[in-house]
Amino acid sequence: MNADLFTLRPPRPLQLPDTLLDKPIARLRALTAALPDGTAAIGADLLDHLRAAMRAGMRRGLSFEEATNVRRRESLLVTLYTLDLALPDARAWLPPFDETVARSVLGDSPTRWHPARRRDVTQLFFTQFDRIAALPLVASMLRVAWENARDGVFDESALVWGRNAEMLFAENGPERLAKVWLSGESADALAERFHVHEGSRFRERLLQTVLLGRLARLPFGKEDAALFSALEQSKLSPAGASRPLGSHAVEILVRRATEERVASWPRPWSQALVTLSCDPRLPNVAERQRWWGWATERQRDVAIKALTSLTIEEFIKLLDRSLRGTPAEHQFQRRRDFLLKLFEHGHVTEARLVVHETLYAALDPRTRSGLMLSRVSGGAQHTSMICLRCTDDLFLIEGTHNFGLRGFVGEARFPIRGFWSAAPRRFDDHQLRAPEATCDIFQRHHVGDWVGDFFRFHAVPWPRFFL
C-alpha cells in the first residue's frame, strides 16, 4: 500500500478569474460612495476645528466662506448650527442662519441632497426652529427635499416626515401639527408620533399650541378633565423662556382670573394650581422662581387666594369626618359656614392646613404634594387644624372634633414662631393647642349663638355678619 495515500496535503490555493470579481467590487464602491455623511460620522475634533477656524476668521475679518473653508464644510456647518445656534457665547463668532448663510450651506437644489443631509437639515429645523433667521427658506427646502425623495433610504422617522412634509415643514408647523391632536393624547405623545425630538424649539412651540392654546380658550371655570390631565402629564416639559409647561399653564389660569375679575375659583381650576405647579409660598426660592418667577405680587396673591379656598375646603372635609355620628355633629354646619363666610367677606388672606399624621396618607396624593401641608402628632382625638392669617393682623386656629377656636393679635403672638414663613414640618398637638389663658380670643362652639359671641365679646375688628 502506498503510504502517501493517507498523508494530508495543504489545499491548493483558490484561484478565481479576475472578471468574476469585477461586478461585486463595483457594487461595493457604489455603496461606500453613498454612505451617510452626516452627524454620526462627524467627530468632535472636526467641529472644534471649525469653531476655532470661525473664531480666527472673525478676528481676521474673513468672509463666511473664507472662514469656513474646511473639509466636509457643509455637513459640519449643519451640525454646528444645530448644536450651537442657541448658545449665548456663540453669537460673537457664529453668524445668524439667514438666507445668505442658508444658501451657502444648503445650496439651491434640495432635491439633490444626500439622505443624510436631508435628515440633518430636518434636525436643524426641529432643534432651532424659530431661532433660524431663514426659517421660511429652510422650511421650503425641506418640503421640496422630502416630497421629491426617491432614494429609498427610509426608516420610520423618514417615512413619517416624508408623508407629512407639507404640514411639518412650515413657519406655522406646530400650529398645523396641533390640528391632528387626538383627544386624550398628551402633547408629548403627539410630538413622538411625528418624531419631533425632545428639547427642540419646534416641540416647545407644539406644547404651547396644543395645550396652552386650548387652556387659554377654555371658558373660565369650565371643567375639561382630558385637558387638565394632559397638562399634568406634560407639566415638566420645556415650553419656552426656560420654564416648564406647568408654569405657563398656571400663568394663564391666574391671568384669566385677574382679567375676568373672578371672585372665586371653581375647584378644578384651583386644584390645577396644585397639580401643575408648586405652592407660590414655597420657601425654596429657586423652586419658587422656576414656577412663579413670572408673577407679580398681585398675581401671587390671586393664586394664594385660590389655594386658600382649596385649603379651607380640605379642612371642612376633615371637620365633617370628625363630627359625623358624634354628639357634636350639630356643630358642623355652623362651623363650616363660619369659615366660608370669613373667606367670602375677604377676612382670610392665607390658610395653612396641619393634618394629623393618622389621616395624612388617606389624602389625595396631589393635595399632599401641592398644598403646603404640615403634620401634627399626638392628642387624644387625633385633631387636624387649619391656621388662618386674617386681615387686621389677626390669626386664627380652628380644629376638628371639639377644638376651641383660638385667636391671636399679631404674628408675634402666634404660638409657633416663624410658622408662616417656614416650610411644612411636623408639630406636636400641644404646640397648636394653646391654653385659653395665652389666647387673645378663645371661642367654644357652644349651643346657641357662638358666632355672635365671637364678634360681641372679643372686639373683632370686622363688620359683624350673621349666619
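The values are calculated or read from the model by the stated rules, or taken from the named source; none is laboratory data. Just so it is clear, the model here is predicted, and its values are computed rather than measured. Using ideal geometry, Cβ is built from the backbone for each residue, glycine included, and neighbour counts are taken over all protein chains shown.
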**Request:** Sort out which residues of the stretch 281-306 are under 20 Å from residue 261 (Cα atoms) and touching a helix residue (DSSP H, G or I) at 6+ places or on another chain (Cβ under 6 Å), and write them in order of number.
**Result:** 294, 299, 302, 303, 306
**Asked** What number of residues within the stretch 340-373 are polar (S, T, N, Q) and over 24 Å from the mean Cα position of the chain (by Cα)?
**Response** 2
**Asked** Tell me, which residue of the stretch 30-54 that is more than 20 Å from residue 122 (Cα to Cα) and surrounded by 15 or more Cβ atoms within 10 Å (Cβ to Cβ) is modelled with the lowest pLDDT?
**Response** 46
**Message:** With in contact (Cβ under 8 Å) with a residue 40 or more places away in the chain and farther than 20 Å from residue 315 by Cα as the only criterion, which of 401, 458, 445 stands out?
**Reply:** 458
**Message:** Looking at 408, 414, can you tell me which residue is touching a Cys at 6+ places or on another chain (Cβ under 7 Å) and surrounded by fewer than 22 Cβ atoms within 10 Å (Cβ to Cβ)?
**Reply:** 408
**Message:** Out of everything in the stretch 388-427 that is under 36 Å from the mean Cα position of the chain (by Cα) and of a type in the set (Asp, Glu), what residue ends up being nearest to residue 307 (Cα to Cα)?
**Reply:** 398
**Complete:** The condition of being closer than 21 Å to residue 303 by Cα, touching a Leu at 6+ places or on another chain (Cβ under 8 Å) and not hydrophobic (A, V, I, L, M, F, W, C) holds, among 235, 222, only for 235
**Request:** Filter the stretch 166-201 down to residues that are in a helix (DSSP H, G or I) and surrounded by fewer than 20 Cβ atoms within 10 Å (Cβ to Cβ) and give me whichever is nearest to the chain's Cα centre (by Cα).
**Result:** 189
**Prompt:** Which ranges mark the helices (runs of 4 or more DSSP H) fully within the stretch 232-317 that have 1 or more residues being farther than 30 Å from residue 199 by Cβ?
**Reply:** 245-259, 267-276
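This table checks each residue for (1) among the small types (Gly, Ala, Ser); (2) under 19 Å from residue 337 (Cα atoms); (3) out of contact with any helix residue (DSSP H, G or I) (no Cβ under 7 Å at 6 or more places or on another chain).
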site: 403; (1), (2), (3): no, yes, yes
site: 408; (1), (2), (3): no, no, yes
site: 412; (1), (2), (3): yes, no, yes
site: 423; (1), (2), (3): yes, no, yes
site: 426; (1), (2), (3): no, no, yes
site: 435; (1), (2), (3): no, no, yes
site: 446; (1), (2), (3): no, yes, yes
site: 452; (1), (2), (3): yes, yes, yes
**Prompt:** In this structure, is residue 91 in a helix (DSSP H, G or I), at pLDDT below 95 and basic (Lys, Arg)?
**Reply:** yes
**Message:** Just to be sure I understand the filter: pairs with C-beta atoms under 6 Å, separated by 6 or more residues or on different chains, first member in the stretch 368-394 and within 15 Å of residue 414 (Cβ to Cβ), second member polar (S, T, N, Q). Which pairs pass?
**Reply:** 389/349
**Asked** Here are some conditions: (1) in contact with a helix residue (DSSP H, G or I) (Cβ under 7 Å, 6 or more places away or on another chain); (2) under 19 Å from residue 227 (Cβ atoms); (3) in a helix (DSSP H, G or I). Residue 204 meets all but one. Which one does it not meet?
**Response** (1)
**Message:** For the stretch 128-144, check the following and say yes or no: at least one residue is surrounded by 17 or more Cβ atoms within 10 Å (Cβ to Cβ), of a type in the set (S, T, N, Q), modelled with pLDDT of 95 or more and in a helix (DSSP H, G or I).
**Reply:** yes
**Item:** The lone exception for residue 442 - which of (1) hydrophobic (A, V, I, L, M, F, W, C); (2) surrounded by 19 or more Cβ atoms within 10 Å (Cβ to Cβ); (3) in a strand (DSSP E or B) it fails
**Value:** (2)
